[in-house]
Every structure is written in C-alpha cells, then in structure tokens.
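Contents: one structure, followed by commentary.
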Amino acid sequence: RTESVSNVGLSPYLNVGDGMIFGDTRLTFSNDGGVAYSFGTGYRHYIAAIDAVLGGNVYYDQDEIAGARFKQYGFGAELLAHDWEVRGNVYNLFGTTSELTGTRVAPGSALFAGNNLEFSRIDTFAEAIDGFDAEIGHLLPGEFAERVDLRAFAGGYFYGGQGLDGFGGFSTRLQADIGDWLELGLQLTDDDVFHTNVAFSATVHFGGFESQEHTSRSGMQRMAEPVRRNLNIAAAIVDVTIPGQIADALDGTPLTVVHVNSNDAIGP
C-alpha cells in the first residue's frame with residue numbers, strides 16, 4: 001500500500017477463567033478511495049508458569065483498495081509476555097486474484113503504419129499476493145522505555161502471486177504507548193518488489209481488558225492488545241505493454257490516414 005488509510009475496529013470479548021474469547025471487526029478506508037474490511041475471532045490464554053499469553057486467531061478479509069475486489073482468509077498465532085513477544089500470520093487468497101483496473105496509451109508510442117495509426121497500449125492490473133509474516137519484539141531497557149512501553153521489533157515476510165514470483169523482505173518497527181489510550185508506531189519494510197517503505201501509525205484505544213492490581217507488569221496485561229496483522233490484502237500494481245494496437249474511429253473501424261506531400265507544387 002502506497003497511500004495512507006484510516007481504520008476503525010471493534011473487539012468484543014468474554015473472559016473464561018484464565019482465557020479470553022474475542023471477536024475482531026475492522027473497517028479500513030483508503031484516504032485515496034477504496035475500502036477493506038475484516039471479520040475475525042480468536043482465543044487467548046494466560047499461562048501463569050511463564051507469565052505469558054498464548055493466542056490464536058482466524059480472519060476473513062475483503063479488499064477493494066487496489067481498484068479490484070479481492071478475498072482471503074488468514075490465521076495467526078502469538079505469544080505475549082511483559083517484555084517480549086513473538087507472532088506470525090498466514091494469508092491465503094481465494095477467488096479472483098488478478099483484475100484489469102485501467103488502460104492507457106504508452107506516451108510517445110504513436111506512429112504511422114501505412115494508412116493506419118499504430119500505438120502501444122498499457123494495461124494496468126491489480127495482482128493480489130499472499131504469503132506469511134512473522135516478527136519478534138522486546139521492550140527496550142531503561143526507565144523511559146518502561147514508562148511509555150517502547151518496544152522494538154524485527155521480522156520478515158514472504159509473498160507471491162499467480163503472476164508474480166515469490167519474494168521475501170524484512171521489516172523493523174518501533175511501538176510506544178502514550179498514556180493508556182494512544183499508541184504510536186513507525187515501521188520500515190524493504191523487498192525487491194515494493195522496495196523501501198516507511199509507515200507511521202497512530203491508534204486510539206477505547207475500553208478494553210482491565211487486569212487486577214496484583215498483575216501489574218505481568219503478561220496478563222497484554223490480554224486485550226489488538227492482533228497485529230495486515231490491515232488490507234497485499235497487492236502489486238503491474239503494467240503490461242501491448243504493442244501493435246491500431247487506432248479506431250468511433251464506429252470501431254480503423255482510422256484511415258491519407259498522406260499528402262505539401263511540398264508538391266505540381267500534383268494534388
């Protein structure tokens with residue numbers, strides 16, 4: 001994704017002993033047009049022996065941000081402790097994975113071919129890709145990092161598609177909490193297809209799980225954190241150049257060009 005988005009989510013939950021069943025509905029608006037939404041559910045369980053939360057989740061995603069309608073299902077797993085965490089997500093497409101989203105004349109390609117006008121056409125396709133991502137994170141040392149819950153992450157991903165060979169990349173990000181309601185993030189990704197990208201995020205939290213005082217600075221505090229996964233279906237925009245196109249008139253017949261020598265002073 002090369003444009004910014006606005007996202008809103010709703011996550012109802014139910015505590016069951018040391019576990020929590022939750023739902024996760026997300027609606028993502030591209031600020032340049034298009035929308036994506038997700039429906040998910042999952043379960044998290046607090047393991048007192050290692051003071052960590054183990055969770056699993058499944059999702060259905062639909063995305064129209066790339067100008068085409070794509071669908072996928074995904075599932076993920078996570079292990080969250082107070083000062084470290086690890087997670088992974090798998091994304092699987094189904095249905096249409098490539099769609100024509102636009103066509104245009106290649107600049108500078110028009111030329112005469114006998115009595116016709118020939119040009120190259122560029123067809124633009126949105127190509128949905130699927131794969132997996134994973135990361136590991138740790139709370140940074142120091143009193144300030146503890147106060148704002150400043151965490152650093154490193155990870156990688158691998159994607160591929162019907163018309164796009166598989167490729168891998170790496171990701172690194174920083175995450176911090178300002179008070180109990182505002183989360184800020186900064187992420188850097190790099191690969192051979194999308195190249196280097198930097199993304200900034202700000203998330204406002206309302207409500208959520210409240211742990212007891214005796215669990216302060218415990219992995220249980222992380223029970224209601226949002227699931228970390230892609231907000232929309234990954235897609236590559238691919239241009240295909242088709243030469244040898246003949247310009248047509250409005251009725252669909254080829255335009256006929258009559259060449260006249262304007263320097264001929266004798267003949268017509």
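The values are calculated or read from the model by the stated rules, or taken from the named source; none is laboratory data. Please read these numbers as outputs of a predicted model, since none were measured by experiment. Glycine gets a Cβ as well: all are built from the backbone with ideal geometry, and neighbour counts include every protein chain shown. Ligands, DNA and RNA are excluded from the accessible area calculation, which covers all protein heavy atoms including side chains. Shrake-Rupley method; radii C 1.70, N 1.55, O 1.52, S 1.80 Å.
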ask   = Between region 87-112 and region 195-209, what's the alpha-carbon centroid distance in Å?
value = 28
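Net charge within 12 Å of residue 145 by Cβ-Cβ distance, Lys/Arg positive one each and Asp/Glu negative one each, not counting residue 145 itself? Could the numbers behind the result be given before it?
On the way: positive: 147, 151; negative: 83, 143, 146, 149, 177.
Here the charged neighbours net out to -3.
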message = Can you give the local net charge around residue 67? Use residues other than it whose beta-carbon is closer than 11 angstrom to its beta-carbon, Lys and Arg +1, Asp and Glu -1.
response = -3
note = In debye to the nearest 20, the charge dipole size for region 100-230, taken about the Cα centre with +1 at each Lys and Arg Cβ and -1 at each Asp and Glu Cβ, equals 200
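With charges set only on the Cβ (+1 for Lys and Arg, -1 for Asp and Glu), what does the dipole of region 34-89 come to about its Cα centre, in debye to the nearest 20?
Numbers: 4 positive and 7 negative charges, 47 e Å.
About 220 debye.
Rounded, prolate or oblate for region 1-143? Axes are the square roots of the Cα gyration tensor eigenvalues, ordered a ≥ b ≥ c, and the cut-off for rounded is a/c under 1.5.
Details: a/c = 3.37, a/b = 2.69, b/c = 1.25.
Here region 1-143 falls in the prolate category.
Using unit Cβ charges (K, R positive; D, E negative) and no other charged atoms, how large, in debye to the nearest 20, is the dipole of the chain about its Cα centre? Write out the running numbers ahead of the final one.
On the way: 15 positive and 35 negative charges, 50 e Å.
Using only the charged Cβ atoms, the result is roughly 240 debye.
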ask   = Where Lys and Arg each count +1 and Asp and Glu each count -1, what net charge lies around residue 108 among other residues with Cβ under 14 Å from its Cβ?
value = +1
request  = For region 145-165 and region 1-59, compute the distance between their C-alpha centroids and round to whole Å.
outcome  = 17
Carbon and sulfur %, accessible surface of the chain computed with the full protein complex present, 1.4 Å = 60
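From the P(r) of the chain, could you give the percentage of C-alpha pairs in the tail past 22 Å? Mind showing how you got there, number by number?
On the way: 23485 of 35778 pairs.
It works out to 66 percent of all Cα pairs.
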message = Run the numbers for residue 60 and residue 75: contour at 0.36 nm per residue of separation, minus the present Cα-Cα distance, in nm.
response = 4.5 nm
Chain lengthening between residue 8 and residue 198 when straightened (0.36 nm per residue, less Cα-Cα) = 66.3 nm
